[in-house]
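Shown next, in structure tokens, is the structure this report addresses.
The values are calculated or read from the model by the stated rules, or taken from the named source; none is laboratory data. Because the structure is a prediction, the values reported are computed rather than measured. So basically every Cβ, Gly included, is an ideal-geometry build from the backbone, and we count neighbours across all protein chains shown.
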Amino acid sequence: MKKTTIKITIEHENLNLVGLIDQVKGLEREIVEKVIRDVEKEEVESLCGGEYERTRYQRHGSKSRSFKTSVGTLNLDLTRVRDKETGEVFTPVEEALSMPKRKVILEDVSLESIEQISKLSYRKAVETVQELSHSKLSKSTLWRRVQELEISAEPRSDADVILVDETKVHNQGEEPFNYLHLVLGYNTEEDKYSLLSAGVNDEWSEIRKELEKELDLSNVYVVCDSDREINDTFENSKGIQICHFHAVKYVDYCLWKEDAPKNFRKKMRRILKARLHTLQNSVEKFWRDEDTERLKDRIGWFREEIDQWVERAEGRDFTMAANYIRKVREKLLTFAKAALKDEYVPYTNNKEEREFRENAYRTKRIGGSWSEDGLHNVSLCQLISRLDEKLFKKIKEVYLGETGTLNYSVSLAGG
């Protein structure tokens, strides 16, 4: 391993701590340039020898290169070398440090901006990075490099509950919307969530196939809303839990769609929420005292109350709401029946909704439309950075390529 020692002499007068910190920031670029010059000297001398030595290679002038990096702009005069036998002219340090042949803006600047795009628009992301690193990156360059990212969620096998949902985002193409899907895994023993799948415009049947490469879905509970395609896709799972909050919202929509009076809608919604809340409290109490018989009685009570709710809705000819609740009644109970087996299942997919809300700040509320690749990569950057730090670190390493290691020391004058 090659080692480079850098000695820095610091001269100061009336310097305070803040001033020191502010001025030391400029050393970053100086250190990088110093290392490049040292590597170049070593590479050129290994080919051409000393000043008067005669070898197969000879020094052949220099070329100027400029790179915009996260430590500022590097302006370099790089020594060129000529091969006497072949006539080839090349720049040794470019090959030694794998300098890009055409790029002026290096990936580390793009990466800093890519880390920002999960929170900010392209324009604000490049402005923020420019303020931090003093390196300019255009909005279009950042956009292009986001499209070029190759990232995906890593399948896992340690989930016993999965949360499944999708949301729609405006599309740039002929279709009005892109559909972003999200599957989170939940390990109940470790009380830990993980990202299992995220994509754009994928069929749920294909998503299931990908999940089944790692998960046995017959042993996994699914928490979702009432989306028919999602429910049909995961019908053969261990059990489907319909999110209680989504169920209440959908009932309200059904009653509104059927022109139910406002007061009746409010009353029916309030009754359903109260019954669900009572069931939730009973399950929570069960986990404290494990009174199996009381929970069984509560489940029976809930079924009776829901049947009465359905009869009341049908009595007023609101069949859409009545048929919906009749159809999902048992799926509202899945978390309670699982508790009797000593298995924990969330009764909502709030965690997933929280992630979608973060995504909405970035993808919906800026008023823009998205390409499929752009939405996929921006959303994955955001989701992975929030849910899987190890995977995000791995993405950064792959994006920057083989970075190698550098050891250096700094000493004060006379030290």
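Numerical summary
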| quantity | calculated |
| --- | --- |
| Tabulated pairs, region 83-105, first farther than 21 Å from Lys41 by Cα, second part of a loop (DSSP other than H, G, I, E, B) and hydrophobic (A, V, I, L, M, F, W, C), C-beta under 6 angstrom, 6+ apart or interchain | Ile105/Leu137 |
| When residues of region 163-198 are limited to those that are acidic (Asp, Glu) and surrounded by 14 or more Cβ atoms within 10 Å (Cβ to Cβ), the one nearest to His246 (Cα to Cα) | Asp165 |
| Residue match in region 283-293 (condition: surrounded by 14 or more Cβ atoms within 10 Å (Cβ to Cβ), at pLDDT 95 or above and either under 22 Å from Lys238 (Cβ atoms) or not assigned by TED's automatic domain parsing to the domain that holds Val251 (or both)) | yes |
| Subset tally (residues that are of a type in the set (Lys, Arg) and out of contact with any strand residue (DSSP E or B) (no Cβ under 7 Å at 6 or more places or on another chain)) for region 33-68 | 4 |
| Of residues in region 311-360 being in contact with a strand residue (DSSP E or B) (Cβ under 9 Å, 6 or more places away or on another chain) and over 22 Å from Asn231 (Cα atoms), the one surrounded by the most Cβ atoms within 10 Å (Cβ to Cβ) | Asn359 |
| Given (1) touching a residue at least 24 places away in the same chain (Cβ under 8 Å); (2) buried (at least 20 other Cβ atoms within 10 Å of the Cβ); (3) farther than 26 Å from Glu352 by Cβ, index of the condition Phe264 fails | (2) |
| Top-ranked residue of region 247-261 - restricted to ones that are free of Cβ contacts under 8 Å to residues at least 12 places away in the same chain and aromatic (Phe, Trp, Tyr), ranked as surrounded by the most Cβ atoms within 10 Å (Cβ to Cβ) | Tyr253 |
